[in-house]
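The values are calculated or read from the model by the stated rules, or taken from the named source; none is laboratory data. Remember, predicted model here, so these are calculated numbers, not experimental data. Backbone-built Cβ (ideal geometry, glycine too); neighbour counts: all protein chains shown.
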Amino acid sequence: MKRAFSFLALLGLVLTFGAFPGAAQGKKMLILNAPFSFTVEQQRMPAGTYRILVERGWLQVRSADGKTAAMVLTLPVAGKTVKGSGQVVFNRYGDHYILGQVWLPELENGRQTLESREEKEMEKRAKLEAVVVKLNAPSGR
């Protein structure tokens, strides 16, 4: 129990104070306007505006109001060239969306989240459909 509390406290500090030194310069950060709720690493994210930040294999998704945030380790994925500001690919199972990939134009490869136990269970019950949402550049930069 004490170990779990320590881990949660450390995670809270990382999310509060930022885990990405490049964030101050706005490197690899884009805006996602999600028209539906979705899941990132077992964290439910309501529909809305989010800042997407990729740094050293980690993906941070933070709501514009700062109330909802998730951070997940990703793997590189190749296979497509992205033009414009980039895009997010959601894995859709029925009416449930899970963040699957992030493609930023300045990165050589995209970033793919690891498949969760929940997603593996959904694959058994529903057909996978990829849903693409374009990213926007942050305003005021």
**Prompt:** Based on what the data block shows, is A47 modelled with pLDDT of 75 or more, surrounded by 14 or more Cβ atoms within 10 Å (Cβ to Cβ) and within 30 Å of R125 (Cβ to Cβ)?
**Reply:** no
**Asked** Among the residues of the stretch 79-93, how many are modelled with pLDDT under 80 and aliphatic (A, V, I, L, M)?
**Response** 1
**Prompt:** Within the stretch 61-78, which residues are over 20 Å from A47 (Cβ atoms) and surrounded by fewer than 17 Cβ atoms within 10 Å (Cβ to Cβ)?
**Reply:** L73, L75, P76, V77, A78
**Asked** Any chance the stretch 50-71 includes a residue that's more than 14 Å from K134 (Cα to Cα), aromatic (F, W, Y) and at pLDDT 95 or above?
**Response** no
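Within the stretch 50-67, can you find the residues that are under 12 Å from the mean Cα position of the chain (by Cα) and not small (G, A, S)?
Hits for the stretch 50-67 are Y50, R51, I52, L53, V54, E55, W58, L59, Q60, V61, R62.
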**Item:** Verdict on E106 being touching a Pro at 6+ places or on another chain (Cβ under 9 Å) and farther than 19 Å from S37 by Cα
**Value:** no
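Might you check whether a residue that is modelled with pLDDT under 95 and within 14 Å of the chain's Cα centre (by Cα) occurs anywhere in the stretch 117-128?
Looking through the stretch 117-128, none of the residues is modelled with pLDDT under 95 and within 14 Å of the chain's Cα centre (by Cα).
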